[in-house]
Each structure stands twice: as C-alpha cells, then as structure tokens.
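Have a look at the structure below, then the notes.
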Amino acid sequence: MLALLASMVLCVVALWLLLGAAQALLYRWLQPTMRAIDPAQASVLLVGWLALAPVVALLTAYLLYSPDIAGWLVAGHCHSGQCVSHGPRSGLAVAPAAVLALWALCGVARCLWQQWLPVRRLYDQLTRIGDDRGDYVALSSALPTAFTLGWLRPRIFISEGMRAACTGEDIDCILRHENAHRRRRDNLRLLAGRILTAPLPQRLAHATLDDLKLCCEKACDLSAAAALSREAVAAALLRVARLQQGQVVGLAFAGNQTQRRVLALLEESPSPLAGGVLFTVASATLLFVLALVNPLHRAIELLP
C-alpha cells in the first residue's frame, strides 16, 4: 500500500515540477500572443496556463491508476504470470516521493506565509484605523496612495494625500479602476498564480506572473475607460505615477508598468483569441495526456 501511494505521489509531483519547468521555457513563445490579445481574456488564460502543469499531473495520475481506463491506454504486459490491469508501483518510489512532496508542500506553505498572512494583517489594521466611506476606506496619510487590498472581500484604500493631490476626475478614474479589481477578484487571481508555481524556482515563473499582473491592470484600465475615456485614464495614470514615486502596496493604481499600460490605452483595442484556437489547444493537451500514460507507466515500473 505504501509503495502504491508513494508511486502515485511521485507521479503527480514529479510531473508538476517537470511540466512547470517546461512551461517556463516555452512561455517566451507564448508571451507575444498574451500581450497582443484582450487583457481580460489573457488574464484568464494565463491562470489556466499556470494551472496546466498541476492539472495535467493530476489527470495523468488519475488515468494511470484507474484500472478501467488504463487498460485502454497501457500496452498489455504481465508481472510474475499475472496479467491483470494495474497501476505502476515501486518500493524505491517512497524516498523520492517523500522528498518531492515535502518540497512542494514547503513551497506552497512559504507562499501562503509570505502572501496571505501579511496582507490579511495589513487589511485588518487599515480597516480598523481607516474611515469607511462606502466605496472606499480613507486613510489619514499624507502619502499619495490608492490600492485594492484583501483576498475574499477586497477593499479599496485611498489616502488623504492622494485625494488632496488629485482632481475629482482623477479620483473617479481611480475608483472605477480599483472597483474593477474588486469585481474581478484580481488579488485572488494573482495569489492563485503564485500558489500554482510555488514549488518551482521563483525565476522560472517570474515572467508569467509579471504578465498576469500587467493583464489585470490593463483590463481594469479599459474598464475605467469604458465609463470615462482612454485619454482621461492615461492622464490619471501618469499623474498618479509621478505622485506615488514607486511606493506601492497591493494592486496600486499606478504601480505596475505604467508606460505599457498608457500605450495600451492609446492603441486600438486588442481582440480576444478565437474559440477555435482555444478548442485546438485544449484538444492537443488532452491528446498529450493520453499519450503520456503508457510511457509513464513503464518508467515507474523500471524502478526495481
């Protein structure tokens, strides 16, 4: 029983790590497409891209260890005269499975410790000391800042310094942008991306996570521009970026690649990917998983 469980864990975690590393290397070819399509769709696709490695790993393990399904995908072979359908197992899988599982769990725990808990404490503290004005929480700080904070129930925080330094149109733009972050649950989206890549070395997922954050910001910029104008949002971005001077907390209004966001506002609206392209990619992924089952079964059984 221990050998079977260890073999299953080894299959899932090893595939997660290997596929995640391969995805990071392949992303350079996917990046131009993600930056050229509708940012709202791109932010969803990027989370899906980051989730692909663990989902494929789990799906492959399910197919590999489901006798009724594996019988169709694994070439027939016998062990010690027994030819029944079986999931691959090896006694030598126990040690590597324990090491890899511990590595993955530590990565996820570290991500939650560094992301979830500090933000939760800051959210509670700012909510207590701030002045709740319905649409946002006003902070009695001279530092000009505006941001969305929180995971499950995000709130908008705007300092008195920001209100004093901005026009009424700028504040309206900020509120519309940050409300879009709230509706889209972008903080939770970014946290999910970090958790999905937590077992990997941070530098491997850095480009994808940066683009995910940029797509979230672009999508919220366009949401604000739909009610105001693209020029008004671009002008507010530039003014707030000069005021904030790089002091950013959470999803700050002008805190991520301001130049790219301004250019995106002033250019023609990008189009989403066609449904046919997404169907083709999903089909290719499923075929890849099915083709992976038989060689992976053999590879695990090569362990004595």
Filtering the stretch 163-206 down to residues that are among the basic types (Lys, Arg) and part of a helix (DSSP H, G or I), which residue is surrounded by the fewest Cβ atoms within 10 Å (Cβ to Cβ)? 203
List pairs: first residue in the stretch 1-12 and farther than 16 Å from residue 102 by Cβ, second residue among the small types (Gly, Ala, Ser) and not in a helix (DSSP H, G or I) anywhere in the structure, Cβ distance under 6 angstrom, at least six positions apart or on different chains. 7/90
Return yes or no: is residue 68 loosely packed, with under 11 Cβ neighbours inside 10 Å, farther than 22 Å from residue 186 by Cα, of a type in the set (Asp, Glu) and modelled with pLDDT under 90? yes
How many residues does the stretch 108-134 contain that are surrounded by 12 or more Cβ atoms within 10 Å (Cβ to Cβ) and not in a helix (DSSP H, G or I)? 1
Just to be sure, is residue 263 at pLDDT below 90 and loosely packed, with under 13 Cβ neighbours inside 10 Å? yes
If the requirement is being at pLDDT below 90 and out of contact with any Asp or Glu (no Cβ under 6 Å at 6 or more places or on another chain), which of these qualifies: 201, 154? 201
Go through the stretch 219-236 residue by residue and tally those that are within 15 Å of residue 39 (Cβ to Cβ) and crowded, with 24+ Cβ neighbours inside 10 Å. 4
Tabulated pairs, the stretch 152-163, first among the aliphatic types (A, V, I, L, M), second assigned to a loop (DSSP other than H, G, I, E, B), C-beta under 8 angstrom, 6+ apart or interchain: 156/135; 156/136; 158/136; 158/145; 162/144; 162/145
Looking at the stretch 110-123, is at least one residue under 30 Å from residue 232 (Cβ atoms) and either touching a strand residue (DSSP E or B) at 6+ places or on another chain (Cβ under 6 Å) or free of Cβ contacts under 8 Å to residues at least 24 places away in the same chain (or both)? yes
Those residues of the stretch 135-148 that are surrounded by fewer than 18 Cβ atoms within 10 Å (Cβ to Cβ) and among the β-branched types (Val, Ile, Thr) come to a total of 0
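The values are calculated or read from the model by the stated rules, or taken from the named source; none is laboratory data. Here the structure is a predicted model, which is why all the values come from computation and not from measurement. Virtual Cβ from ideal backbone geometry, glycine too; neighbours counted across all protein chains shown.
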